[in-house]
1. Which residues make up the longest stretch of the chain that has no GluC sites (Glu not before Pro) in a DSSP loop with at most 16 other Cβ atoms within 10 Å?
2. Report, ordered by chain and residue number, the aspartates and glutamates lying within cross-link reach of Lys157, taken as a straight Cα distance under 16 Å and ignoring same-chain residues fewer than 8 apart.
3. Rounded, prolate or oblate: pick one for region 2-263, where a ≥ b ≥ c are the square roots of the eigenvalues of its C-alpha gyration tensor, a/c under 1.5 means rounded, and failing that, prolate if a/b is larger than b/c, else oblate.
4. Given a 1.4 Å probe, how much area per residue of region 2-263 is accessible, in Å²?
5. Output the pairs from Lys67/Lys156; Lys58/Lys92; Lys156/Lys219 with a Cα-Cα distance over 31 Å in this structure; if there are none, say none.
6. Would you mind working out the magnitude of the charge dipole of region 86-125 relative to its Cα centre, with +1 at each Lys and Arg C-beta and -1 at each Asp and Glu C-beta, to the nearest 20 Debye?
7. What's the carbon and sulfur percent of the chain's accessible surface, probe 1.4 angstrom, rounded to a whole number?
8. To the nearest 20 debye, what is the magnitude of the charge dipole of region 2-263 about its Cα centre, counting +1 on the Cβ of each Lys and Arg and -1 on the Cβ of each Asp and Glu?
Amino acid sequence: MIDIHSHILPAIDDGARNMDMTLSMLHMSVESGVTDIIATPHVNRGGHVPSWQEIEEKTAQVTDAAKEAYLPIHIYSGAEIELNGDVLRFLKEGSRDYCLAGSPYILLELTDQSQPDMSERLIYELQLRGFWPILAHVERYGQLMSHPDILISWAKKGILLQCNIGSFTGYFGQHLQRHAENLYQNHLVHFLGSDGHRTEFRTTDMREGQDALRSLQQKQHNQQDLWLETTQNASRILNHRVLYPDVPEHWQVKKKGLWHRLFS
Ligand SMILES: [Fe+2]
């Protein structure tokens with residue numbers, strides 16, 4: 001497995017507090033079968049933009065520490081960038097700063113205030129600058145999940161979608177679990193990430209998530225092995241190759257039975 005979304009870098013955002021915590025988080029990743037992990041600290045959250053140099057230096061320090069601790073995992077630089085007009089100041093054409101693992105892919109997050117039409121215009125501008133956008137934890141955005149036709153049109157325009165694996169276990173509540181399951185049913189999950197922040201909660205441990213995916217696949221009679229497919233997709237990021245996913249024409253969600261609708 002390749003974890004494309006994590007907050008493992010020490011003392012740079014609300015993720016790992018120090019190098020000890022970073023190493024414990026990496027240990028959890030290795031135990032989960034993660035072989036490669038991209039560090040994606042928050043960038044542009046509340047207007048704070050850490051320098052790309054700082055992110056690269058911290059990634060190098062973590063790589064050295066992981067080697068010393070004999071942890072068999074590759075660590076790459078990246079960022080989780082809050083999308084607003086300010087990104088046009090620091091995401092420059094031809095640059096790979098703030099991209100995932102030196103590829104043209106960038107991980108973007110929206111806020112509760114983000115308007116889909118404005119976000120789409122900004123993402124288009126970034127695409128014109130040569131960036132390949134991935135939308136982080138898409139299951140969280142109520143405005144998009146209540147208008148999944150927008151998500152389908154975005155996916156057709158090359159905007160790829162990432163889900164947090166914890167959403168499939170119900171860790172973030174039933175609401176987000178339902179969103180994640182519906183995205184999976186519609187083949188709209190292109191990447192998975194732990195979005196791990198700490199060792200005691202919101203961790204990098206993906207084992208429970210993998211179990212949840214297995215049972216969901218059986219429950220939905222879904223042919224898509226999401227764990228395997230998202231790992232293959234993520235390997236395209238590491239190899240700087242383009243991903244052209246099959247995008248559904250229409251959003252389909254199985255209607256709940258009368259019993260469920262009356263009593264839940
Ligand atoms: Fe995150």
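The values are calculated or read from the model by the stated rules, or taken from the named source; none is laboratory data. None of these values were measured; they are calculated from a predicted model. Don't worry about glycine lacking a Cβ; one is built from the backbone with ideal geometry, like all the others, and counts go over all protein chains shown. Just the protein is used for accessible areas: all its heavy atoms, side chains included, with ligands, DNA and RNA removed. Shrake-Rupley method; radii C 1.70, N 1.55, O 1.52, S 1.80 Å.
1. Details: sites that count: Glu93, Glu200, Glu249.
Maximal segment without exposed cleavage sites: 94-199.
2. Asp117, Glu120, Glu125, Asp149, Asp246, Glu249
3. Details: a/c = 1.74, a/b = 1.22, b/c = 1.42.
Oblate.
4. On the way: 12430 Å² over 262 residues.
Here the residues of region 2-263 average 47 Å² of exposed surface.
5. Values: Lys67/Lys156 41 Å; Lys58/Lys92 22 Å; Lys156/Lys219 28 Å.
In this structure, Lys67/Lys156 lie more than 31 Å apart at Cα.
6. Numbers: 4 positive and 8 negative charges, 45 e Å.
About 220 debye.
7. Working: 6300 of 12560 Å².
The value for the chain is 50 percent carbon and sulfur by accessible area.
8. About 780 debye.
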